[in-house]
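A.B. asks: One structure, as structure tokens, below. Some questions next.
The values are calculated or read from the model by the stated rules, or taken from the named source; none is laboratory data. All values reported here derive from a predicted model rather than from experimental measurement. Methodologically, a virtual Cβ is constructed for each residue, glycine included, from the backbone with ideal geometry; neighbour enumeration extends over all protein chains shown.
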Amino acid sequence: MVNTHRTRPQVWRPKLDGSRVLGLTLLGLLVLAAAVGPGLVGQDPARQSLLDALQGPDGQHLLGTDHLGRDMAARLLSGAQLSLFLAGLSTFTAAVPGTLLGIVAAWFGGWPDRLLTSFADAVLALPGLLLVLMLAAISPGSWWALYTGISLTLWVEYFRYTRQRARIVLAEPAVEASQLLGIGPGMIIRRHLIPEIGPGLLTIAAFGAATAVTAVAALGFVGVGIRPPTAEWGVMMTELLPYWRETPFLILQPVACLFITVLALYLSVGGGVRP
């Protein structure tokens with residue numbers, strides 16, 4: 001006889017190895033810097049002063065100034081706010097419907113499963129970059145176009161993973177016995193599904209957030225994403241590129257911010273492999 005009665009639902013607890021601790025620490029410091037850094041720096045990221053253009057670090061400008069005399073530290077922190085906000089928002093917007101629809105498809109099967117799977121396959125067939133570019137063309141320089149395009153691209157991964165794992169879990173004898181005993185869907189999801197899909201969903205979320213941060217910077221760099229004078233890492237790279245021979249340390253700053261952010265997200269899941 002299958003034992004379906006437990007004193008409490010299974011709880012998934014992630015293992016914190018060295019790489020995860022390092023990644024979460026870096027990520028926490030980035031979020032903290034983006035949240036409180038601009039106030040501590042005390043500089044307006046949009047304030048120009050051509051007399052102070054391309055200056056090195058000093059007491060007034062901790063990381064120097066760009067070609068228009070704008071404070072680099074203030075602009076990097078403002079760019080961190082924008083990048084982390086878009087990454088977090090697009091990841092959340094993709095994860096919630098993608099996971100819920102995956103559970104619905106696995107739970108009901110039949111025509112709901114076929115309909116949702118066909119729709120996901122249709123979205124997957126359209127290159128994500130092309131979708132973002134189409135939305136960016138409709139609303140040039142708008143952050144919502146990037147957010148919408150990234151979210152529409154990422155939700156499919158959550159859906160496909162959740163559907164696949166949920167179908168396996170729901171076919172287990174313990175789950176079937178729980179359903180026969182009248183245990184509700186909420187309890188079955190808490191006891192059986194969440195412990196199984198939780199680790200994979202967090203890994204997908206970390207990779208998705210890293211993809212979002214990279215996409216925002218890449219599109220800003222080529223001029224089809226966020227546009228000047230908004231402080232965004234990709235835009236900053238484009239603006240500082242003509243001056244890389246004179247002041248290479250300036251363009252390396254947004255590059256380093258992007259690299260550390262992606263590295264932190266990657267390490268936060270232990271450098272794992274995408275499910």
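A.B. asks: Could you count how many residues in the stretch 114-128 are closer than 24 Å to residue 220 by Cα and free of Cβ contacts under 8 Å to residues at least 24 places away in the same chain?
C.D. replies: Selection size over the stretch 114-128: 2.
A.B. asks: Residue 127 fails exactly one of the following numbered conditions: (1) touching a helix residue (DSSP H, G or I) at 6+ places or on another chain (Cβ under 6 Å); (2) closer than 21 Å to residue 206 by Cα. What is the number of that condition?
C.D. replies: Looking at each condition in turn, residue 127 falls short on (1).
A.B. asks: Could you list, ordered by first residue, the pairs with Cβ atoms under 8 Å in which the first is in the stretch 35-50 and closer than 10 Å to residue 75 by Cα and the second is assigned to a helix (DSSP H, G or I) and modelled with pLDDT under 90, at least 6 apart or interchain?
C.D. replies: Filtered contacts from the stretch 35-50: 45/38.
A.B. asks: Please go through (1) within 18 Å of residue 235 (Cβ to Cβ); (2) within 19 Å of the chain's Cα centre (by Cα); (3) touching a residue at least 12 places away in the same chain (Cβ under 8 Å) for residue 142 and return the number of the only condition it doesn't satisfy.
C.D. replies: (3) is the only condition that residue 142 fails.
Residue by residue, here is whether (1) in contact (Cβ under 8 Å) with a residue 24 or more places away in the chain; (2) out of contact with any Lys or Arg (no Cβ under 8 Å at 6 or more places or on another chain) holds:
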| residue | (1), (2) |
| --- | --- |
| 59 | no, yes |
| 66 | yes, no |
| 78 | yes, yes |
| 81 | yes, yes |
| 84 | yes, yes |
| 91 | yes, yes |
| 108 | no, yes |
| 112 | no, yes |
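A.B. asks: Now for a different question. Looking at 239, 232, 246, 196, can you tell me which residue is in contact with a His (Cβ under 7 Å, 6 or more places away or on another chain) and either at pLDDT 85 or above or of a type outside the set (Lys, Arg) (or both)?
C.D. replies: Unique residue meeting the criteria: 239.
A.B. asks: Could you look through the stretch 170-186, keep only residues that are assigned to a helix (DSSP H, G or I), out of contact with any Phe, Trp or Tyr (no Cβ under 8 Å at 6 or more places or on another chain) and not hydrophobic (A, V, I, L, M, F, W, C), and pick out the one that is surrounded by the most Cβ atoms within 10 Å (Cβ to Cβ)?
C.D. replies: Filtering the stretch 170-186 for residues that are assigned to a helix (DSSP H, G or I), out of contact with any Phe, Trp or Tyr (no Cβ under 8 Å at 6 or more places or on another chain) and not hydrophobic (A, V, I, L, M, F, W, C), the one surrounded by the most Cβ atoms within 10 Å (Cβ to Cβ) comes out as 178.
A.B. asks: Also: If you go through the stretch 152-169 one residue at a time, how many are surrounded by fewer than 18 Cβ atoms within 10 Å (Cβ to Cβ) and either modelled with pLDDT of 90 or more or of a type outside the set (Val, Ile, Thr) (or both)?
C.D. replies: Count: 2.
A.B. asks: A further question follows. Of the residues in the stretch 97-144, how many are of a type in the set (Val, Ile, Thr) and under 19 Å from residue 168 (Cα atoms)?
C.D. replies: Of the residues in the stretch 97-144, 4 are of a type in the set (Val, Ile, Thr) and under 19 Å from residue 168 (Cα atoms).
A.B. asks: Further, regarding this structure: Being modelled with pLDDT of 90 or more and surrounded by 15 or more Cβ atoms within 10 Å (Cβ to Cβ) is the filter; apply it to the stretch 25-38 and report the residue that is farthest from residue 209 (Cα to Cα).
C.D. replies: Among those that are modelled with pLDDT of 90 or more and surrounded by 15 or more Cβ atoms within 10 Å (Cβ to Cβ), it is 33.
Conditions (1) more than 22 Å from residue 149 (Cα to Cα); (2) more than 14 Å from the chain's Cα centre (by Cα); (3) basic (Lys, Arg), marked per residue:
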{"site": "205", "(1), (2), (3)": "no, no, no"}
{"site": "212", "(1), (2), (3)": "no, no, no"}
{"site": "232", "(1), (2), (3)": "no, yes, no"}
{"site": "244", "(1), (2), (3)": "yes, yes, no"}
{"site": "247", "(1), (2), (3)": "yes, yes, no"}
{"site": "252", "(1), (2), (3)": "yes, yes, no"}
{"site": "268", "(1), (2), (3)": "yes, no, no"}
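A.B. asks: Also: Does residue 14 qualify as being at pLDDT below 90, more than 21 Å from residue 241 (Cα to Cα) and assigned to a loop (DSSP other than H, G, I, E, B)?
C.D. replies: yes
A.B. asks: Residue check: is residue 75 part of a helix (DSSP H, G or I) and either surrounded by 16 or more Cβ atoms within 10 Å (Cβ to Cβ) or of a type outside the set (Ser, Thr, Tyr) (or both)?
C.D. replies: For residue 75, the condition - part of a helix (DSSP H, G or I) and either surrounded by 16 or more Cβ atoms within 10 Å (Cβ to Cβ) or of a type outside the set (Ser, Thr, Tyr) (or both) - is met.
A.B. asks: Within the stretch 78-125, track down each residue that is polar (S, T, N, Q) and surrounded by fewer than 17 Cβ atoms within 10 Å (Cβ to Cβ).
C.D. replies: Those that are polar (S, T, N, Q) and surrounded by fewer than 17 Cβ atoms within 10 Å (Cβ to Cβ): 117, 118.
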